[in-house]
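The structure under discussion appears below in the form of structure tokens.
The values are calculated or read from the model by the stated rules, or taken from the named source; none is laboratory data. Everything numeric in this text was worked out from a predicted model, so none of it was measured. All Cβ positions, even for glycine, are placed from backbone atoms using ideal geometry, and neighbour counts span all protein chains on display.
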Amino acid sequence: MTSREFDGIRLEKVREHVWEIPREGEMNVPARVLASEALLEEIGEDDTLQQLRNATHLPGMVEPALCMPDGHQGYGFPVGGVGAIDARTGCISPGAIGYDINCGVRMVNTTLTYDDVRGREAELVDALFEAIPSGLGGGGVIDGDADAIEGALERGVEWAIEEGYGIESDLARCEDEGRRPDARPEYVSQKAKDRGRNQLGSLGSGNHFLEVQRVTDVFREEVAEAYGLSEGQVVVLIHCGSRGLGHQTCNDYLRRIETEHADLLESLPDKELAAAPAGSELAEEYYGAMGACINFAWVNRQLITHRTREVFGDVFDADPLDDLGMELLYDVAHNIGKKETHEVAVDADGHPAVGDEAVSRAERELYVHRKGATRAFPAGREEVPEAYRSVGQPVIIPGSMGAGSYVLRGGAESMSLSFGSTAHGAGRLMSRTQAKREFRGGDVADDLESEQAIYVKAQSGATVAEEAPGVYKDVDEVVRVSDELGIGDKVARTFPVCNIKG
Amino acid sequence: MTYELRDHTADVAVEATAPTLSALFAAVADGLTAASCESVPAEGGDRFAIEEAAESREALLFDYLDRLIYERDVRLVLPADHECRVTPPGNAAGSAWRVEADARGVPLDAVSAREIKAVTYSEMTLERREGGDDGDGGDGEWYAYVVFDV
């Protein structure tokens, strides 16, 4: 059997693109990395594998803990990690979902072609940058008074549409139709709500952005047609999350777990894996608060979409919906935890089991933690919007500013291989401090414009340097592996035209 | 006291040393400011005060940094030029570690700053190491390593 070793962690090749860290010591389950040899080399360079192995210590983890092809070191749980934990006997871990609850992406279609936009990129990027709040302290699309915050937390996109910030079809084209039914705003702290007030409808900074893109390649015509995509078409990709409200909620609950469930925390190898036992009051409260933050993030992206439609209407002197066809293609989260029912291996008593103890398979309710991983449900699943159910759920994979992005569809193997999940992006390769040593923001932006006709506008030059194309893994390779594994199939590739960021 | 920004694949880490625990807290906070903004104006902005209490030194450092990030988002200022006074728990039952701190709040529209999302416990180290002067007449210096989510 082929095996590889990185810093004392041995991985055995199970099959093409599937590597397993065998169960040993305190590990509850094995761990698996879904990667090509080239991607595994990069994943093995930092602490990703150690963090993945640590994640298997979470009580109630069923089947192997997973690292997606774009995985990299995070804090506690690796970015690109998927962990499925028994919702009855296990736990829920805020750190395995991430600080930016419902960080995610949405893509908005247009009927414009690249020819319609060419020559007007500077005007468009300026108008978008002016209209859409980004960076620190830029405010939001709306003032988040108490009613707005409560409405967003409670009812998500439904609230936004009632307030006039969207259209009915936006709802159906969101994961969970833009509203977590189990959201409990009363479990979101006032501190978190305070932070959300200034940020409702804002990109933030870091790797978040809004990008006008053109479709350069279509790989599956029938699916692309169902998604409304064709070569040369212009689309808009929006990448952001729940901002300070979500970050604060994560930390609020990490601290509560530390004081209320210290014994469980003591048993874990990393404090950032802090988890609340399933069935505990704290687990229920965190789950409700997280659901509310998920709703807030969907509203955040909805408000940015609303403003984007207005900008396109102004720049192209047309109605954004009737004339420009700016309908939502899909909105999908990549930092999220949800109760989902999946088939898992069980022992003779019906308890989830691994290895020789597993004798059959049965459906179980699980807390599926996706941290830097995207839900990728295949055709036929009822969770996929009716319009896409026959072809599979759209999966949007944002790439770097110079390398383009992908639209995938949930693959037929995703339910058996990855709890219905795939990658979420290119995955960082270089640290932010190193990126700033190697690149200058102004140079990066100038090169992108002169060499690739990509217009970039950012609040901070440092952000441009930190997000330079060279700091990311090869998104083509990430997507190739996803496609070959059958967890997320290539549908279309897009390339940046204009990019705004914080 | 001194701090350095350290490499971390997705995030940024601050490594700091100081002769006293109070100075160490201020050094880590200065590191947070530096991670947010490469050039902070020498003047401008009003000072504001905060207080936090927690069950341990590490938890206090976490809560203090979390509070600074909160104040940034609510006051719309970049906290800079930090000063701290850390006190250990007293003898009373339930007594906590405390920090009384203040910072200069530089208006965000006066700087080009990027968002640090959150302080994390990941790889957090807070300890007194041998060597040097601990500022209280003993040997040793305080050391901290904190990863921030960007």
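Quick one: how many residues across the stretch A:148-165 are surrounded by fewer than 23 Cβ atoms within 10 Å (Cβ to Cβ) and farther than 22 Å from residue A:287 by Cα? The number of residues fulfilling the criteria is 5. Looking at B:2, B:17, just one residue is farther than 21 Å from residue B:54 by Cα and surrounded by 17 or more Cβ atoms within 10 Å (Cβ to Cβ), and that residue is B:17. Checking residue A:53 against (1) in a strand (DSSP E or B); (2) more than 19 Å from residue A:428 (Cα to Cα): exactly one of these is not met. Which one? Only one criterion is unmet by residue A:53, namely (1). Taking the stretch A:392-502 and the strands (runs of 3 or more DSSP E) fully enclosed by it, the elements with 2 or more residues that are closer than 28 Å to residue A:304 by Cβ, away from every other protein chain (no Cβ under 14 Å) and small (Gly, Ala, Ser) are at A:405-410, A:488-501. Working only within the stretch A:235-284, note down all residues that are part of a loop (DSSP other than H, G, I, E, B) and either at the interface with chain B (Cβ under 9 Å from one of its Cβ atoms) or on the phi < 0 side of the Ramachandran plot (or both). Scanning the stretch A:235-284 gives A:241, A:242, A:261, A:267, A:268, A:269, A:270, A:274, A:275, A:278, A:280.
What about residue A:128, is it in contact with a Cys (Cβ under 6 Å, 6 or more places away or on another chain), farther than 30 Å from residue A:269 by Cα and either away from every other protein chain (no Cβ under 14 Å) or not basic (Lys, Arg) (or both)? No, not satisfied. Filtered by the rule that a residue be touching a residue at least 24 places away in the same chain (Cβ under 8 Å), β-branched (Val, Ile, Thr) and under 22 Å from residue A:204 (Cα atoms), the stretch B:3-37 gives B:12, B:14, B:33. For the stretch A:123-136, the set of residues classified as modelled with pLDDT under 95 and either in contact with an Asp or Glu (Cβ under 6 Å, 6 or more places away or on another chain) or over 29 Å from residue B:79 (Cβ atoms) (or both) consists of A:136 only.
If you go through the stretch B:28-66 and keep only what is surrounded by fewer than 19 Cβ atoms within 10 Å (Cβ to Cβ) and of a type in the set (Lys, Arg), you end up with just B:47.
Going by the conditions given, is residue A:237 buried (at least 20 other Cβ atoms within 10 Å of the Cβ) and closer than 30 Å to residue A:467 by Cβ?
yes
Among the conditions (1) under 23 Å from residue A:265 (Cα atoms); (2) out of contact with any strand residue (DSSP E or B) (no Cβ under 6 Å at 6 or more places or on another chain); (3) at pLDDT below 95, the only one that residue B:59 does not satisfy is (3).
Over 29 Å from residue A:176 (Cα atoms) and either among the basic types (Lys, Arg) or in contact with a Cys (Cβ under 9 Å, 6 or more places away or on another chain) (or both): is that true of residue A:409 in this structure? Taking the combined requirement at face value, the residue does not satisfy it.
For residue A:119, are the conditions met, namely being at positive phi and buried (at least 22 other Cβ atoms within 10 Å of the Cβ)? Here the answer is no, as residue A:119 does not meet what is asked. When residue B:40 is tested against (1) β-branched (Val, Ile, Thr); (2) over 30 Å from residue A:205 (Cα atoms); (3) part of a loop (DSSP other than H, G, I, E, B), only condition (2) is not met.
So which residues in the stretch A:122-147 are without any contact (Cβ under 8 Å) to a residue 60 or more places away in the chain and buried (at least 22 other Cβ atoms within 10 Å of the Cβ)? A:144, the sole residue that qualifies.
Residues in the stretch A:190-199: is at least one buried (at least 24 other Cβ atoms within 10 Å of the Cβ), in contact with a strand residue (DSSP E or B) (Cβ under 8 Å, 6 or more places away or on another chain) and within 27 Å of residue A:321 (Cα to Cα)? No, because not a single residue in the stretch A:190-199 is buried (at least 24 other Cβ atoms within 10 Å of the Cβ), in contact with a strand residue (DSSP E or B) (Cβ under 8 Å, 6 or more places away or on another chain) and within 27 Å of residue A:321 (Cα to Cα).
The lone criterion from (1) touching a helix residue (DSSP H, G or I) at 6+ places or on another chain (Cβ under 8 Å); (2) in contact (Cβ under 8 Å) with a residue 40 or more places away in the chain; (3) surrounded by 18 or more Cβ atoms within 10 Å (Cβ to Cβ) left unmet by residue A:258 is number (2).
Considering only the stretch B:1-23, state which residues are farther than 21 Å from residue A:48 by Cβ, within 14 Å of chain A (Cβ to nearest Cβ) and in contact with a Phe, Trp or Tyr (Cβ under 8 Å, 6 or more places away or on another chain).
B:14, B:15, listed by residue number.
Could you tell me how many of the residues in the stretch A:15-29 are buried (at least 16 other Cβ atoms within 10 Å of the Cβ) and assigned to a strand (DSSP E or B)? The total comes to 4. Of the residues making up the stretch A:91-135, those that are under 15 Å from the mean Cα position of the chain (by Cα) and among the β-branched types (Val, Ile, Thr) are A:97, A:101, A:105.
Identification of strands (runs of 3 or more DSSP E) wholly contained in the stretch B:44-138 with 1 or more residues that are within 15 Å of the chain's Cα centre (by Cα) and at the interface with chain A (Cβ under 9 Å from one of its Cβ atoms) yields B:46-54, B:77-87. Remark: pairs (first residue in the stretch A:452-469, within 11 Å of residue A:502 (Cα to Cα); second residue assigned to a strand (DSSP E or B) and of a type in the set (Gly, Ala, Ser); Cβ separation under 7 Å; 6+ apart in sequence or on different chains) = A:464/A:458.
This table checks each residue for (1) within 18 Å of residue A:107 (Cα to Cα); (2) modelled with pLDDT under 95.
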{"site": "A:284", "(1), (2)": "no, no"}
{"site": "A:294", "(1), (2)": "yes, no"}
{"site": "A:316", "(1), (2)": "no, no"}
{"site": "A:334", "(1), (2)": "yes, no"}
{"site": "A:353", "(1), (2)": "no, yes"}
